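Values quoted throughout were computed directly from the atomic coordinates according to the rules given, and no laboratory measurement underlies them. Since we're looking at a predicted model, the values are computed, not measured. Methodologically, a virtual Cβ is constructed for each residue, glycine included, from the backbone with ideal geometry; neighbour enumeration extends over all protein chains shown.
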Amino acid sequence: NAGVTQTPKFQVLKTGQSMTLQCAQDMNHEYMSWYRQDPGMGLRLIHYSVGAGITDQGEVPNGYNVSRSTTEDFPLRLLSAAPSQTSVYFCASSDSDRPYEQYFGPGTRLTVT
Amino acid sequence: DAKTTQPPSMDCAEGRAANLPCNHSTISGNEYVYWYRQIHSQGPQYIIHGLKNNETNEMASLIITEDRKSSTLILPHATLRDTAVYYCIVREYNFNKFYFGSGTKLNVKP
């Protein structure tokens, strides 16, 4: 199993550009989440999903959209990038029987100039 | 959601036990205590969780006080690879909407 994969690993955007961060998992997990981590800070929840077709907002959802059309994929879209969105983005998944045991991807380091 | 308080940093000598405290004085009866750690810039890793009894697994032990207002994560024989930020999280069981605080940076020194 590859676990949780994220692409790209690094990305530089200009202010106002849009892009999609990809996240995929091959563990058939129902739950998936997106977090951001700013330098020296803990993780903050952006959006999460408890199954295909079901998403909800986390702590810091503004400026981001998500959708969950399949169990495997949970892309995060930045609508109009801003310097405040410079961060490391982590995707995580967990099984509904053990929802607390989240498996994290390697992260995407995003810089917005 | 119950709020947690952790010291920002701690040091531990290699081979000794590392005891990481967490205060959660507003915890409610159906909330569990979860511990994760984040090594360098990797994604966090689940360690252990508990409700009111002490728990032990291959990675660590979790001691929860009788009143459940605080807990301690114990790494029995810390190694340099245990240097990481450790997060204490309090949440209900069947709810994966986790909020990570700032955690405790554990420095294991030779």
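Before moving on, here are some points about what is shown:
- Given (1) over 18 Å from residue A:95 (Cα atoms); (2) in contact with a Phe, Trp or Tyr (Cβ under 8 Å, 6 or more places away or on another chain); (3) of a type in the set (A, V, I, L, M), index of the condition residue A:19 fails: (2)
- Those strands (runs of 3 or more DSSP E) of the stretch A:43-113 in which at least 1 residues are more than 23 Å from residue A:16 (Cα to Cα) and more than 11 Å from chain B (Cβ to nearest Cβ), considering only elements entirely within it, cover A:43-51, A:54-57.
- Counting only strands (runs of 3 or more DSSP E) that fall entirely inside the stretch B:1-106 and contain at least 2 residues that are more than 13 Å from chain A (Cβ to nearest Cβ) and surrounded by fewer than 21 Cβ atoms within 10 Å (Cβ to Cβ), the qualifying elements are B:9-13, B:18-23, B:61-64, B:70-75.
- Per-region count, the stretch A:29-42, residues outside any strand (DSSP E or B), more than 7 Å from chain B (Cβ to nearest Cβ) and not acidic (Asp, Glu): 3
- Every residue from the stretch A:57-104 that is over 18 Å from residue B:37 (Cα atoms), surrounded by fewer than 16 Cβ atoms within 10 Å (Cβ to Cβ) and among the basic types (Lys, Arg): A:77
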